[in-house]
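Single-structure report; data block below.
The values are calculated or read from the model by the stated rules, or taken from the named source; none is laboratory data. This structure is a prediction, so every number in the text was calculated from the model and none was measured. Note that we place each Cβ from the backbone using ideal geometry, even for glycine, and neighbour counts take in every protein chain shown. The protein model used for the area step is the full one, side chains on, heavy atoms only, and it has no ligands, DNA or RNA in it. Shrake-Rupley method; radii C 1.70, N 1.55, O 1.52, S 1.80 Å.
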Amino acid sequence: MSLVKKHPKEVKQILSKYPPEHKRSAVMPLLYLAQRGEGFVNKAAMQEIAQILEITETEVASIVGFYTLYHDEKAGKYRMQVCTDLPCALRGADEFLQNLCGNLGIKVGETTADGLVTLEAVTCLAGCDKAPVFQTQGPDGIKYHENMTVDKTLELIEALKEVKE
Amino acid sequence: MSHILLRHRDIPDLHKMAVYKKNGGFVAFKNAVTKMKPNEVTDVVKNSGLRGRGGAGFPTGMKWSFIDNKGWPHYVVANADESEPGTFKDREIMENNPLQFLEGLAISSYAVGAAVAYIYLRGESWQVAALLDEKIAEMEEAGYLGENLFGNDYSLKIHTHLGAGAYICGEETALLESLEGRRGQPRVRPPFPPSVGLYGKPTIINNVETFTNVPMIMANGADWYKRMGTADSTGVKIFSLSGRVRKPGNYELPFGTTFRQLIYEHGGGILDGRPVKAIMPAGASSSLIVVDDKVLDTPMDYASVRTLGSELGSASVIVIDDTVSVAWIINKTVHFFKHESCGKCTPCREGTYWMQNITKRIRSGEGTEDDVDLLLNVAKQMQGKCLCALGEFSTMAVVTGIERFPQDFKKAVKV
Ligand SMILES: Cc1cc2nc3c(=O)[nH]c(=O)nc-3n(C[C@H](O)[C@H](O)[C@H](O)COP(=O)(O)O)c2cc1C
Ligand code: SF4
Ligand code: FES
């Protein structure tokens, strides 16, 4: 279903934030909206966004390609993005990620067999005092998980299995 | 001492409108709009000595006075991109004391004649943006945002805008590109945003922490503010302390507090009681400081940190103890900058790529002495040739790491 049909109120509200002659500014919020359901932006949505904003589809695709929080491919229902940047690494983030990989039986970048979780290593999440820290990017938005242990993470994954839309 | 910015630590529920108002909230904004001319507000901020908290430390009032009064409309943009490794202060402000930040943004908008302000948040701050949207709606309802505020002819709207995972969008001109719906790549400067900014219009961009100071300065006066801190760096700063300390976290302290006070009195000292080996005072972009007693007793203000061959930047103090190798550190920082380079100019795009390969080799013990020379050479070649400061930042830890910690590159290198 088209974005405008599915989220008419949101599309209108997003467009109202920017001067009409600069509606192209709405490309980022619209991409988030398009990504909400499936976890990635499909071609039809890119076409529709291009149409709404009167820019080319290539321009929309180049935005998707530039920013790391937009995806053009399906992954697990939740992307679990663990920070391994310097401050976190000074507090054991690399070891945490490795242990997590071991427990889940997957490598960084891979998805669990049930399609629930894709594990990724990312740069600083502005939670450096609460390492190990990761965010989950899923159907319900982006959430922070701080001061994590492998056990707490495995519990979280169990809880995510129960989430119904 | 009670807090000025992290006031929520002293006042429970400060994020609630009623509590914020009971504690003096919006008096400064109302006072500015009803009793002061915009340039009088700018003068107070100028006299307070407030300097930008986003990294460069540029005098805030002076920046505001540069706004081009020939081009209209004017815009104000709050930089809430906060992505420098080691920085996590703006998030604490926005999550816990959002109304003070928003009031500061409103006062600043009045001062420079902007009727629309945007808050550009990093995409990961999805929940923070939702909270700010809620607070903005409450302000509209209470008559602090909207048309004809306080019966005056001043009107203001504030909108949030989420980025999507790109450190470079914290650079102010890349941020504007991104806000305009393009890829976040820096613009050539000049012209600077106060003359040509958002949609080509005069625009003032400040950091979240900078704005959050403004209501307190307006309420208590420039002289009150100047009494805190040092002559060169007035007022208070939030220091984000991270790395090998017992109690990492945000500490709001006057400028001029020493590294020793921050690390030992507030941060509880080093894990396992080890000695401090190096400090990175401005996050991953820092030059590495070799630590001795003199360094620990150096006051943290813009001028003093410069005498140590580094910069205070956004005061994201990463502490490194003697268990950590500098060869490992620079591999981490270079990895970050390689990942975040926007690719617009060749020295940065290619340089970070090569530095990543070489630091990886050195870190894993497979490097030769030639590799260390090559690395230093690549980093130095990049300096002064990049379009924006990110390229420069990527070389800081590399060059100072190799030059100031040569022993760490002997150990890691196989001969
Ligand atoms: C690569 C790069 C990243 C930056 N990231 C941020 C950031 O996340 N937040 C910020 O406020 N300023 C950041 N800055 C600084 C901004 O360009 C700008 O100087 C600042 O927002 C101005 O506000 P201030 O005067 O209040 O500090 C960054 C600069 C560079 C070069
Ligand atoms: S220095 Fe790097 S980040 Fe800055 S414009 Fe050039 S390629 Fe982009
Ligand atoms: S380094 Fe991991 S959150 Fe900042």
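Looking only at the stretch B:333-365, count every residue that is within 28 Å of the chain's Cα centre (by Cα) and either among the charged types (D, E, K, R) or not assigned by TED's automatic domain parsing to the domain that holds B:Val398 (or both) and tell me the total.
The total comes to 5.
Scan the stretch A:114-135 and tell me whether some residue there is within 15 Å of the chain's Cα centre (by Cα) and open to solvent by 60 Å² or more (accessible area, probe 1.4 Å).
Within the stretch A:114-135, none of the residues are within 15 Å of the chain's Cα centre (by Cα) and open to solvent by 60 Å² or more (accessible area, probe 1.4 Å).
Restricting to the stretch B:337-357, what's the tally of residues that are within 10 Å of another protein chain (Cβ to nearest Cβ) and in contact with a helix residue (DSSP H, G or I) (Cβ under 7 Å, 6 or more places away or on another chain)?
Looking only at that region, the number is 4.
Given the criterion away from chain A (no Cβ under 14 Å), more than 30 Å from A:Tyr70 (Cβ to Cβ), open to solvent by 10 Å² or more (accessible area, probe 1.4 Å) and within 16 Å of ligand 1 (Cβ to nearest atom), identify the matching residue among B:Ser195, B:Ser233.
Just a single option satisfies the conditions, and that option is B:Ser195.
Is there any pair with a first residue in the stretch A:78-92 that is in contact (Cβ under 8 Å) with a residue 12 or more places away in the chain and open to solvent by 10 Å² or more (accessible area, probe 1.4 Å) and a second that is away from ligand 1 (no atom under 16 Å from the Cβ) and assigned to a loop (DSSP other than H, G, I, E, B) whose Cβ atoms are under 6 Å apart and which are 6 or more apart or on different chains, and what are they?
What qualifies is A:Arg91/A:Ala131.
Identify the residue in the stretch B:271-286 that is open to solvent by 10 Å² or more (accessible area, probe 1.4 Å) and either within 12 Å of chain A (Cβ to nearest Cβ) or in a loop (DSSP other than H, G, I, E, B) (or both) and, among all such residues, is nearest to ligand 2 (Cβ to nearest atom).
Among those that are open to solvent by 10 Å² or more (accessible area, probe 1.4 Å) and either within 12 Å of chain A (Cβ to nearest Cβ) or in a loop (DSSP other than H, G, I, E, B) (or both), it is B:Ser285.
Exactly one of these conditions fails for B:Ser2: (1) in contact with a Gly (Cβ under 7 Å, 6 or more places away or on another chain); (2) within 28 Å of B:Gly249 (Cα to Cα). Give me its number.
B:Ser2 satisfies all of (1) in contact with a Gly (Cβ under 7 Å, 6 or more places away or on another chain); (2) within 28 Å of B:Gly249 (Cα to Cα) except (1).
Yes or no: B:Val27 free of Cβ contacts under 8 Å to residues at least 12 places away in the same chain, surrounded by fewer than 16 Cβ atoms within 10 Å (Cβ to Cβ) and more than 30 Å from A:Arg91 (Cβ to Cβ)?
Answer is no for this residue.
So B:Arg122 fits all but one of (1) in contact (Cβ under 8 Å) with a residue 40 or more places away in the chain; (2) away from every other protein chain (no Cβ under 11 Å); what number is the exception?
Every condition holds for B:Arg122 apart from (2).
Tally time: how many residues in the stretch B:156-186 are away from ligand 1 (no atom under 16 Å from the Cβ), open to solvent by 30 Å² or more (accessible area, probe 1.4 Å) and touching a Leu at 6+ places or on another chain (Cβ under 7 Å)?
1
Can you confirm whether the stretch A:81-91 contains a residue that is more than 16 Å from ligand 1 (Cβ to nearest atom), within 11 Å of another protein chain (Cβ to nearest Cβ) and modelled with pLDDT under 95? Spell out how you get there, then give the answer.
As a first pass, look at the stretch A:81-91 and keep what is more than 16 Å from ligand 1 (Cβ to nearest atom): A:81-82, A:84, A:88-91.
Next, only the ones that are within 11 Å of another protein chain (Cβ to nearest Cβ) stay: A:81, A:84, A:88-91.
Keeping just the survivors that are modelled with pLDDT under 95 gives none.
No: the stretch A:81-91 contains no residue that is more than 16 Å from ligand 1 (Cβ to nearest atom), within 11 Å of another protein chain (Cβ to nearest Cβ) and modelled with pLDDT under 95.
Among A:Val82, A:Val108, which is the only one that is away from ligand 2 (no atom under 16 Å from the Cβ) and under 24 Å from B:Ala80 (Cβ atoms)?
It is A:Val82.
Looking at B:Thr368, B:Thr400, which is the one that is more than 26 Å from the chain's Cα centre (by Cα), more than 16 Å from ligand 3 (Cβ to nearest atom), away from chain A (no Cβ under 14 Å) and hydroxyl-bearing (Ser, Thr, Tyr)? Reasoning before the result, please.
Details: B:Thr400 fails: more than 26 Å from the chain's Cα centre (by Cα).
Checking each option against the conditions leaves just B:Thr368.
Take the residues in the stretch A:117-157 that are within 27 Å of A:Ala34 (Cα to Cα) and charged (D, E, K, R); name whichever of them is modelled with the lowest pLDDT.
Checked the stretch A:117-157; the qualifying residue modelled with the lowest pLDDT is A:Asp140.
Residues B:Arg53, B:Arg91: which one is at pLDDT 95 or above, within 30 Å of A:Lys143 (Cβ to Cβ) and assigned to a helix (DSSP H, G or I)?
Selected residue: B:Arg91, the only one of B:Arg53, B:Arg91 that is at pLDDT 95 or above, within 30 Å of A:Lys143 (Cβ to Cβ) and assigned to a helix (DSSP H, G or I).
For the stretch A:4-62, which residues satisfy the criterion of being aromatic (Phe, Trp, Tyr) and either part of a helix (DSSP H, G or I) or at pLDDT below 95 (or both)?
A:Tyr32, A:Phe40
Is there a residue in the stretch A:88-99 that is among the hydrophobic types (A, V, I, L, M, F, W, C) and part of a loop (DSSP other than H, G, I, E, B)?
For the stretch A:88-99, residues among the hydrophobic types (A, V, I, L, M, F, W, C) and part of a loop (DSSP other than H, G, I, E, B): present.
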